[in-house]
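The values are calculated or read from the model by the stated rules, or taken from the named source; none is laboratory data. From a predicted model like this one, the values you see are computed outputs, not experimental measurements. Heads up, the Cβs are rebuilt from the backbone with ideal geometry, glycines too, and the neighbour counts pull from every protein chain shown.
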2 protein chains.
Amino acid sequence: MAELLVTGGVVVTLDARRRIIRDGAVAIRDGRIVAVGKATALAPQFPTAERIEAADHIVLPGFIDTHQHATQMLAKGLADDCTFWQWCYERIFPYDAALSEEDVYWGALLHGLELVRSGITCFADPGGPHPEAVARAVAEVGHRAVLSLHTWDRSPADRPLPEAVRSPSPAAALAATRRFMDAWDGQAGGRIRVSAAVRTLTNASPELLRAMLALARERDTIVQLHAAVSDSHNQWVQAETGRTPIRYLASLDALSDRWLLAHCARIDDEEVQLLARAGAKVAHCPGSSLHSAYGAVAQGKIPELLAAGVTVALGCDAVASNNRIDMFQEMFLLAGGQKDARRDGVIFPAEQALEMATRAGASALLAADQLGSLEVGKRADLVLVDARAPALTPLYDFALVPGLVYCASKHDVATVIIDGRVVLRDRRFPHLDEARILAEVRARAQALIERLALPVASRWPWE
Amino acid sequence: MAELLVTGGVVVTLDARRRIIRDGAVAIRDGRIVAVGKATALAPQFPTAERIEAADHIVLPGFIDTHQHATQMLAKGLADDCTFWQWCYERIFPYDAALSEEDVYWGALLHGLELVRSGITCFADPGGPHPEAVARAVAEVGHRAVLSLHTWDRSPADRPLPEAVRSPSPAAALAATRRFMDAWDGQAGGRIRVSAAVRTLTNASPELLRAMLALARERDTIVQLHAAVSDSHNQWVQAETGRTPIRYLASLDALSDRWLLAHCARIDDEEVQLLARAGAKVAHCPGSSLHSAYGAVAQGKIPELLAAGVTVALGCDAVASNNRIDMFQEMFLLAGGQKDARRDGVIFPAEQALEMATRAGASALLAADQLGSLEVGKRADLVLVDARAPALTPLYDFALVPGLVYCASKHDVATVIIDGRVVLRDRRFPHLDEARILAEVRARAQALIERLALPVASRWPWE
């Protein structure tokens, strides 16, 4: 049955006019939205469609998480309360090197469940070990991803990368990326796309950066990159190149509208203008900034980036960096974080946060024609939020969107439809054995932590 | 049956040694903890106790929320994205004046459900209209509260308070507080305590402040007060008194260890020392600071207050100011917010956040001998967190407390015991009709909003 009618809910369209339709409906055929309007008007037009009852629910376009690491799912808790360098070299790089392909696969299944449960229907991932295992998991869970092969071809003498995670040369990184693209781009009915990616500027040669940008142009996709992440990261880039990250990219004549730059936590006003002129996209990750001390919330340039016309989208980032996957929390941290930092209660309305979690995310992935709103012709990625949940009681009409941003959480997501298929229904996954996935991740995590033998101990004594 | 044995869980004691007991147990008799240890050791000592199975759960002392407003439950969504003045004079004061006693009662029931669901077993409330209705609701839900009568006796000519919320004189405020204390202090088996309270410095005469402090000393309790909330608030205090809020209190010779000061978002280093010397307590409300633009997270003095030895506890604040009730979120915002603001990944370990949500809360309410940890002799307020929840998978032993702070949310709370009684069991309220409470709040909110006719509209068009 390829026809669905989601009917009776309050439909928040996020269309050009930002309409909110009471007793609304969305009709879906073959994975695509074919009508949006009043339920009474649509019902007779789709008499044989399968009904999804949305009364007492808010119907939203799926959230788009523009910065994630599916491969870090088993690293939850490995890298809390530590410095940037400890995070990289003592925790996550050894973790990356120790992962088996099946570890990644099972972790990515749980990652998918957690994204979908949060209403995230599409994510972008700058890569990690065994990306093909992530692709298999995404195909199976049913969500949407822009995956990539993480590439880095330089290993500073004073901070060597583990061999297991490094590309031997720009040419080898490019060839491997092409192979991954050829194998997976457009797979799973088009739900999986593959972009170019470079892990960090400090571990990338100018040749690698230019090669990836050229590849992105050739394949009409983006390049995912961590940029201006933290003070430590910026200092490292400056020590190696003499420039701050954004200026360094500009100096290579490599700053373009193809970049999806994760974090940009530490940039100045001139860099804001460089990003704006180039049309580069920013993935702001407020939860990750809080957990990992990046300063993007308290001292970042989000209002300035938006004022300059830069596309700023949201990312939850990895569970080793946040450690939560909840786009509602990110919206709250975005709108609230800017208010707290600027001590201005009207600087960041809730509506703008919802736009950044949906429409801006689609733009950041160069998919604004396909995703990010509930409009005829777009892919059918819909989230049904339980408007009768305690956290949303009471819910005044004028506070509908503020309620989503300031009151709701992922636990209020009831049903998620992706590409016209019901992936989550009444808080359960009809096609997946969640208990088995949780048990397998637990067992693999235990085995992994024993293999890793990290120098980490509980600060409080166990008996 | 007055004997309970919570058995088989990981017990995080928060005792002096901060022990974590694997396969632990807590024995409870007549509402009090009578033993804490290994399950195998306690089982034979309490053969007839009712068993609460805690395997695969983490057992914590109940969270203590040191700043709440039960009366604002129906104001959720009334005051988003607005200035401090709009919040007060255009939204919440008219709301307060329009509330009926039954509105407050039903709102406070839902408030209680939401607190308990988040693992909060005790809250402090500086008051609002119809506090006796809040007391009735607390008695019924089964949690613990330090309630008070909000008092304010001054109404500036340029910003008059509605008559309905103002006390006619310091003497009248004092007499009313005594009456409320006599009626409710120690009720509900001691779960309800009544403190003194003053709403804000800007609406209080020096006589009222001194009278309330004297009353608190006489009755061995605290005075709850909003202090140094925001720039606007500080400027108002300065305009009226010539001093910043903390300096003003000090100038009256009224700064003492009886004060529980909500927010202290805008204080300087000298005021930190004034607070430390006086032994005043601070209720830090990070979520509220984000929502309401106070600046307490990005530019507050939390690390300085802690370094000076001030007791800093946590508050979720009202749903008109946050708008969430989730102590896990507050812990994350506390530990993460300081990291982001100071760009220092090790400045605020997770363990300190958990201490502030429990032990420090008890100290702030002058109840450290009764609450805040799982120790023999203390009241039996326990929270069982589902350690197998997806958000806590995987959960490494060394990351147990970081997992609670950075990964968990209120939805992972399974069971809550207060004063030895199971108030929440497997995410349900055995003694309360939650659906009826939600329906009643919805209906009352709708009627209220029609009575109020606030000048607030949706920013996006409804059809």
Quick check on my filter: what residues within segment A:92-117 are closer than 23 Å to A:Ser155 by Cα and under 22 Å from the mean Cα position of the chain (by Cα)? A:Ile92, A:Phe93, A:Tyr95, A:Asp96, A:Leu99
Do you know which residues across segment B:399-420 are out of contact with any strand residue (DSSP E or B) (no Cβ under 9 Å at 6 or more places or on another chain) and either among the hydrophobic types (A, V, I, L, M, F, W, C) or within 21 Å of B:Ala25 (Cβ to Cβ) (or both)? B:Ala399, B:Val405, B:Cys407
Among all residue pairs at least 6 apart or on different chains, which show Cβ distances below 9 Å where the first residue, located in segment A:327-355, is at the interface with chain B (Cβ under 7 Å from one of its Cβ atoms) and on the phi > 0 side of the Ramachandran plot and the second is buried (at least 24 other Cβ atoms within 10 Å of the Cβ) and hydrophobic (A, V, I, L, M, F, W, C)? A:Arg343/B:Ala265; A:Arg343/B:Ala293; A:Arg343/B:Ala298
So for segment A:92-99 (the condition being farther than 24 Å from A:Phe328 by Cβ, of a type in the set (Gly, Ala, Ser), in the same structural domain as A:Trp184 (by TED's automatic domain parsing) and not in a strand (DSSP E or B)), does at least one residue qualify? yes
Go over the candidates B:Ile52, B:Ile28, B:Ile92, B:Ile33 one by one and state the one that is among the β-branched types (Val, Ile, Thr), crowded, with 20+ Cβ neighbours inside 10 Å and within 14 Å of chain A (Cβ to nearest Cβ). B:Ile92
What are the residue pairs meeting all of these: first residue in segment A:263-290, first residue more than 14 Å from every other protein chain (Cβ to nearest Cβ) and free of Cβ contacts under 8 Å to residues at least 24 places away in the same chain, second residue in a helix (DSSP H, G or I) and basic (Lys, Arg), Cβ atoms under 6 Å, and 6 or more apart or on different chains? none
Some residue of segment B:69-86 being in contact with a strand residue (DSSP E or B) (Cβ under 8 Å, 6 or more places away or on another chain) and assigned to a strand (DSSP E or B): no
Could you say whether any residue in segment B:334-348 is crowded, with 23+ Cβ neighbours inside 10 Å, in the same structural domain as B:Trp259 (by TED's automatic domain parsing), in contact with a Ser or Thr (Cβ under 8 Å, 6 or more places away or on another chain) and polar (S, T, N, Q)? no
Does A:Ala368 count as surrounded by fewer than 23 Cβ atoms within 10 Å (Cβ to Cβ) and either within 30 Å of B:Leu109 (Cα to Cα) or not hydroxyl-bearing (Ser, Thr, Tyr) (or both)? yes
Hits in segment A:440-462 (condition: more than 9 Å from chain B (Cβ to nearest Cβ) and either within 28 Å of the chain's Cα centre (by Cα) or not in a loop (DSSP other than H, G, I, E, B) (or both)): A:Glu440, A:Ala443, A:Ala447, A:Glu450, A:Arg451, A:Leu452
Which condition breaks for B:Ile64 when tested against (1) crowded, with 19+ Cβ neighbours inside 10 Å; (2) within 11 Å of chain A (Cβ to nearest Cβ); (3) not charged (D, E, K, R)? (2)
So in segment B:142-155, with the set limited to residues that are of a type in the set (A, V, I, L, M) and over 15 Å from B:Phe63 (Cβ atoms), which one is modelled with the lowest pLDDT? B:Leu149
When segment A:12-32 is checked residue by residue, the ones that are over 13 Å from A:Ala380 (Cβ atoms) and part of a strand (DSSP E or B) are A:Val12, A:Ile20, A:Ile21, A:Arg22, A:Asp23, A:Gly24
